[in-house]
Amino acid sequence: MKAQKKKSKPKAVYLDAAATSRQKPPQVLKALVDYATQVGVSHGRGAYGKGLAANGMVYGARAALGKLLGVTRTDRILFTKNVTEALNTALKGFLKPGDHVVLSGLEHNAVIRPLNKLKQGRGVDYTVVSANAHGRLNPYDFEKALTPSTKLVCLTHASNVTGGLSPIAEVGEICAKKGVAFLVDAAQTAGAVPIHMEGLKIDFLAFTGHKGLMGPPGTGGLIVSPRVDLDSFIEGGTGSNSDQETQPTQWPDKFESGTQNYWGLAGLKAAVEFLLKTSVQKVRRHEEALTAQFLKEAQKIQGLKLYGLPGDATTARVAVVSLNVEGRDPAELAYELDERFGIMTRAGLHCAPLAHRTIGTYPTGTVRLSFGYYNSPKEIDKALVALKEITKK
């Protein structure tokens, strides 16, 4: 008796770009290999040729990021291993006992957990500005939430649950007018949406390298405006002022103790240079088109519930869509999409329980589909066909 052949899985389609960009520009992979094989040393530690090459790479990475994100003082670009570390650096280095923070009801755990730690340890208090049931925020609610002790307003640029863009331009104006510092979490927008930090009156911009910037994991940073100061989060060797037993005060050395992820930074530099050449506007147009394509057909599928404002594909959201199928657990739905159709998505609360409480999907969450620069219209069609087949059951 012949053994039955195991049915092969369909060709994989990656629709989880909000978690990480899976495909990188070829220049990024080349930069990783080139740095490892041709340089391979730390920056700021040696005056020999390869050490100077490392210095130039790190300087070039800052310069490219400054050009991409609208920053003049590139010495205020601090490298971290991800956006979570960047947010912790800003919150724990800036806030003092008794300070008050205003944040939105869409923030990630990378904001709410450090704030709760600061509430317990330093008596830092915070107010949450609610969004409506679609995840939309009114900028003037932030102004109403300010108190005499408000030191900081913290706002995600785009929700990693609904994809909705926050009114950062309006909130930035309010903060500047009131003399309150403004922290923006650009995890979902750096590289995917044009950002000019100085023009938007942002004081702290936290970003990650592995999502919209299409760089390697283990890279990210915090950009700090000259208008505000910050205490260091970690102290140690910097390769500068080694005769002193206290941390250097010059930027960026004050914040970059120890050996950094130089391979990753070489890849990040290449990724940012790719975006500068390609243009963020081109990336944005492509992702808008994919999102519009998906939403137009998904709204017609009976039994499929979409969150946020599905009609606002081009102006009010990034390429992130949360959905549920009536009567199905999100985790079960995500498993079926992968197992039967080869479509990789993310299910659950997406590390953002505040956002799920806002849109009424707590505690089970949603299935999230998120599209990136390397996705194609054919892949969007494949996801729609799969959802139609699942909902028919």
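Data table
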quantity: Placed amide H near residue 153: partners under 5 Å, 5+ positions off or other chain; calculated: 102, 181, 182, 183
quantity: Across 144/178; 67/144; 67/277; 211/282; 96/269, pairs whose alpha-carbon gap is larger than 23 Å; calculated: 67/144; 96/269
quantity: Cα gyration tensor of the range 82-133 - equivalent ellipsoid semi-axes, whole Å, descending; calculated: 18, 15, 8
quantity: Point-to-point label distance, residue 391-residue 36, nm (Cα→Cβ direction, 7 Å offset); calculated: 4.4 nm
quantity: Under-5 Å amide H pairs with residue 134, H placed in peptide plane, nonlocal only; calculated: none
quantity: Selected from 279, 21, 104 as most flexible by GNM, with the chain as the system and alpha-carbon contacts under 10 Å; calculated: 279
quantity: Per residue accessible area in Å² of the chain, where ligands, DNA and RNA are left out and the probe is 1.4 Å; calculated: 44 Å²
quantity: Table column - 3J(HN,Hα) (Hz), the range 317-333, Karplus curve with 6.51, -1.76, 1.60, x for Gly and Pro; calculated: 8, 9, 7, 10, 10, 9, 8, 9, 10, 3, x, 10, 6, x, 5, 5, 5
quantity: Cβ-Cβ FRET estimate between residue 277 and residue 116, R0 fixed at 35 Å, reported to 0.05; calculated: 0.25
quantity: For the range 132-233, share of DSSP beta bridges that run antiparallel, in % to the nearest 5; calculated: 40 percent
quantity: Set of aspartates and glutamates with alpha-carbon distance to residue 50 below 19 Å, sequence-local pairs under 8 removed; calculated: 34
quantity: Computed Kirkwood radius, in angstrom, where 1/r is averaged over Cα pairs of the range 18-157; calculated: 18.3 Å
quantity: Contact order relative to length of the chain, as percent, for alpha carbon pairs under 8 angstrom and 6 or more apart; calculated: 24 percent
quantity: Average silhouette area of the chain, convex hull of alpha-carbon atoms, in square nanometres; calculated: 22.9 nm²
quantity: Rounded to whole Hz, the Karplus (6.51, -1.76, 1.60) HN-Hα couplings of the range 148-160, x for glycine and proline; calculated: x, 9, 5, 9, 8, 10, 10, 8, 6, 6, 8, 5, 7
quantity: Heavy-atom accessible surface of the chain: percent carbon and sulfur, 1.4 Å; calculated: 53 percent
quantity: Residue 317 long-range amide H proximity, modeled H, under 5 Å; calculated: 165
quantity: DSSP-defined antiparallel bridges as percent of all bridges, the chain, nearest 5; calculated: 50 percent
quantity: For the range 250-393, alpha-carbon Rg over 2.2 N^0.38 Å; calculated: 1.27
quantity: Phi-based couplings in Hz for the range 13-22 (Karplus 6.51, -1.76, 1.60; Gly and Pro marked x); calculated: 10, 8, 10, 9, 5, 5, 7, 6, 7, 6
quantity: Over the chain: helical MRE at 222 nm, DSSP H runs n ≥ 4 each giving -39500 (n - 2.57), nearest 500; calculated: -11500 deg cm²/dmol
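The values are calculated or read from the model by the stated rules, or taken from the named source; none is laboratory data. It should be emphasised that the depicted structure is a prediction, and the values quoted were computed from it without experimental measurement. Neighbour counts are summed over all protein chains in view; Cβ atoms, including those assigned to glycine, are modelled from backbone coordinates with ideal geometry. Surface accessibility is based on the protein's heavy atoms, side chains included, excluding ligands, DNA and RNA. Shrake-Rupley method; radii C 1.70, N 1.55, O 1.52, S 1.80 Å.
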